[in-house]
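Remarks on the structure that follows.
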Amino acid sequence: MNGYGGKILFVDLGDGRTRVEPVSEEMARAFLGGNGFAARLLARHVGRGADPFDPGNRVVFAVGPITDTTVPGNSRACVATKSPLTGLFFDSTFGGRFPATQKRTGFDAICITGRAREPVYLKVTEAGARLEPARALWGKTTREAVEAIQAAEGGDADVMAIGPAGEHRVRFASMAHYWKNREGISGRGGIGAVLGSKHLKAVVVAGTRKTEVADPARLKALVDETREPLKKGTQALSTFGTPFLVQPINTLGGLGAYNIKSEVYAEARAISGEEMKAHYHDKDTTCLKCPVACGKQYAIGEGEFAGLRAKMPEYETIFALGSMLGNSHAASVVKANDLCDLLGMDTISLGVTLAFVAEALERGWLDPKEVGLPFGWGDWRGMLALVEQTAYRRGFGDRLAEGSWRLAEALGPEALKTVYAVKRLELPAHSARALKGMSIGYATATRGGSHHDTRPTPQYAQGFDRRGVEGKPEFAVRSQHFTAVDDSLVVCRFTSERGFGLFLGEPYARMVSAVTGWDVSVEELERIGERVVNQERLFNVREGVSRKDDVLPWRVMHEPIPEGASAGMHCPPAELDGMLDEYYRLRGWDAQGVPTPERLAALGLP
């Protein structure tokens, strides 16, 4: 098939056995790849009620038909598992060079199960897979592990590795891939912890297989058409990276601060993209063959962290480790971000959990003696110490490693009211109160508190009514179909949104048709997105998810934003209930949020 390697590799770490299954055209056209393949494989191979740390849980690395083509932002991959943080389906995407290299092995998906007796890494080539001992790598940082494996396997091999946090099963442990000066981070949901539970230090890929495209000329014409809108739409990203969002979103009144007690941060400028570029910018970085170069490497020249060269913290990280903690010390945010990448932890979950701790200390729910070191609002030294403790589950870090929801549960019902999480996943930096589309989006997202299910981008556009509820359930449905297809193709959200459109439309149909040779319509793409969303929902329903779980943080529903341009905004329970009724109706789900047999039959799902 054009656009596909045509094979799925299954690996059992327990006995080292592997097998290969072909990818049928029926499966490819129904689920595309990436996110869709991962959802299908996990539904088939992970049993209901399985503990995420059980050897039977699976981790799927999947690419799509767009990977390693000429589409801008094509070097993306999806990795998915049953999350140890949420207990539900979870997928994450990442860039760099690894995705294109996996595609060149000929395996559209790598499905990993079992638990090795000793630490190992998995090497995948066009010929298949082998396991190599990794005892000497256990305890190494992500970068140390990647560099050591590349030294052994050669520079053409690409490596995705976990750090100490994954080895210690921190429930929001991440993975990292390094290529040139670009890092690819699969951050959210604790997938790194699942690999750690399997004693799998890294996945390594190496291959040379070329992706065949059905109509290269047609694809080139489409890419040429999108070149100018992409260049114009990504100018701020190319100049500043995602931190360019700090100032405008703070002005809008949607930048969470002090555990979202406020959504205006007085010191926002100090941690803005403009200030960081002025003081720290060293060079631009980019994923393989991407024209945008949204990544930046920083170099700190003076102060306590003089000499540090590290990846730019993304906007979400600046929110989580900056404004949410009342921390305007920009260099400490750069340092904390670097520590999280090296140790292998999600910056959003960690920062939002620390913000909960700061408020719990303020309210007396936690005794400072329990934390064991000075910590509070703006205390960046305490923050850095707790980052390291969490990765190794040392001291209070053992409790932080469980995430904010489990920590709050142990402190009582009042503490749970201040947790900023949905389905146990900490929310990112796009306000659930100031953007009404995110209110219904977060509540219904497969992953919970994720801005990659329902997208915030259209809601910042001039003319979009971010305050009213009318049309927001329909917006969430359309946006979720778009992201499901985007992550199944797999293509970068930045290049797709700014080059091809914020929703599924004719450019996406032309893209898929040119690559695969199928006569694909926009309506077919919508159904694919709907099918993937329903497949994910079925996985979660099997784990007990229903309407009771499609809720928002208590503070979002009961405490209006106190000040700024979005003052007074929140999403009361009755308002959310009304949006849920309409959302379920549009989806063809019953009143409890369970997909109906009729809708599933129409989508070809069991």
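Just so you know, all these numbers are worked out from the coordinates, no wet-lab data involved. Computed from a predicted structure; not experimentally measured. Note that we place each Cβ from the backbone using ideal geometry, even for glycine, and neighbour counts take in every protein chain shown.
If amide hydrogens are placed 1.01 Å from N in the peptide plane, which non-local residues have theirs closer than 5 Å to the one on Leu288?
Counting only residues 5 or more places away or on other chains, the set is Gly96, Arg97.
May I ask you to evaluate 6.51 cos²θ - 1.76 cosθ + 1.60, the Karplus curve with θ = phi - 60°, for each residue of the range 205-211 and list the ³J(HN,Hα) values in order in whole Hz, giving x for glycine and proline?
So the J values, rounded to whole Hz, are 10, 7, x, 10, 5, 8, 7.
Which order, highest average first, do 530-540, 22-32, 320-330, 383-393 follow once you tally other Cβ atoms within 10 Å for each residue and take the mean per peptide?
Descending mean neighbour count gives 320-330, 530-540, 383-393, 22-32.
In the range 7-205, what is the volume of the convex hull around the alpha carbon atoms, normalised per residue and reported in Å³?
105 Å³
Consider just the alpha-carbon atoms of the range 238-282 and return their Rg together with their Dmax, both in angstrom.
11.0, 35
When the Cα centres of the range 52-74 and the range 357-424 are compared, how far apart do they sit, in Å?
About 33 Å separates the Cα centre of the range 52-74 from the one of the range 357-424.
If the label point is 7 Å along Cα→Cβ of Arg381, which residues in the range 325-342 have backbone nitrogen under 18 Å from it?
Counting only backbone N, you get 326-336.
To the nearest whole percent, what portion of all C-alpha pairs in the chain is separated by more than 39 angstrom?
Percent of Cα pairs beyond 39 Å in the chain: 21.
Suppose every Lys and Arg Cβ carries +1 and every Asp and Glu Cβ carries -1, with no other charges. What dipole size does the range 7-205 come out with about its Cα centre, to the nearest 20 debye?
Values: 27 positive and 20 negative charges, 67 e Å.
It comes to approximately 320 debye.
Can you tell me which lysines have their Cα less than 25 Å from the Cα of Lys232? Leave out same-chain residues fewer than eight positions away.
Of all the lysines, those that pass the test against Lys232 - Cα under 25 Å, at least 8 places apart if same chain - are Lys220, Lys277, Lys283, Lys289, Lys296, Lys311.
Could you give the nm distance between label points at Arg585 and Arg130, where each point is 7 Å from its Cα heading toward the beta carbon?
With each label point 7 Å from Cα toward Cβ, the separation is 6.1 nm.
Calculated from DSSP H runs of 4 or more alone, at -39500 (n - 2.57) each and per residue, what is the 222 nm mean residue ellipticity of the chain, nearest 500? If you can, show how the numbers build up before the last one.
Working: 26 runs with 252 residues, N = 606.
Counting only the DSSP helices, I get -12000 deg cm²/dmol.
Over what distance in Å are the Cα centres of the range 430-477 and the range 248-307 separated?
24 Å
Can you work out ³J(HN,Hα) from phi for every residue in the range 513-521, in order, using Karplus 6.51 cos²θ - 1.76 cosθ + 1.60 and θ = phi - 60°, giving whole Hz and x for Gly and Pro?
With the stated coefficients, the range 513-521 comes to 5, 5, 6, 8, x, 6, 8, 9, 9 Hz.
Report, by chain and number, residues whose modeled amide H sits under 5 Å from the one on Ala421, excluding near sequence neighbours (fewer than 5 apart, same chain).
It is Leu427, by chain and number.
Length gain on complete extension for the stretch Ala152 to Leu373, per 0.36 nm per residue less the alpha carbon to alpha carbon distance?
So the chain would gain 75.5 nm between Ala152 and Leu373.
So, in nm, how far is label Asp15 from label Glu598 when the simple model puts each one 7 Å beyond its Cα toward the Cβ?
If labels sit at Asp15 and Glu598, their model points lie 4.6 nm apart.
Residue farthest toward the positive end of the dipole of the chain, with Cβ of Lys/Arg at +1 and Asp/Glu at -1: which of Gly501, Gly73, Ala445?
Ranked along the dipole, the leading option is Gly73.
Projecting each Cα onto the charge dipole of the chain (Lys/Arg +1, Asp/Glu -1 at the beta carbon, about the Cα centre), which of Pro229, Trp179, Val520 comes out farthest on the positive side?
Going by the Cα projections, it comes out as Trp179.
What are the equivalent ellipsoid semi-axes of the range 247-411, built from the alpha-carbon gyration tensor (square roots of five times its eigenvalues), in whole angstrom, biggest first?
27, 18, 14
Considering every Cα-Cα pair within the range 200-278, what fraction, in whole percent, is farther apart than 20 Å?
Across the range 200-278, Cα pairs with separations above 20 Å total 62 percent.
Lys140: which lysines have alpha carbons under 16 Å from its alpha carbon, excluding same-chain residues fewer than 8 sequence positions away?
Output for Lys140: Lys201.
Among 441-451, 548-558, how do they line up by average Cβ neighbours within 10 Å per residue, starting with the highest?
441-451, 548-558
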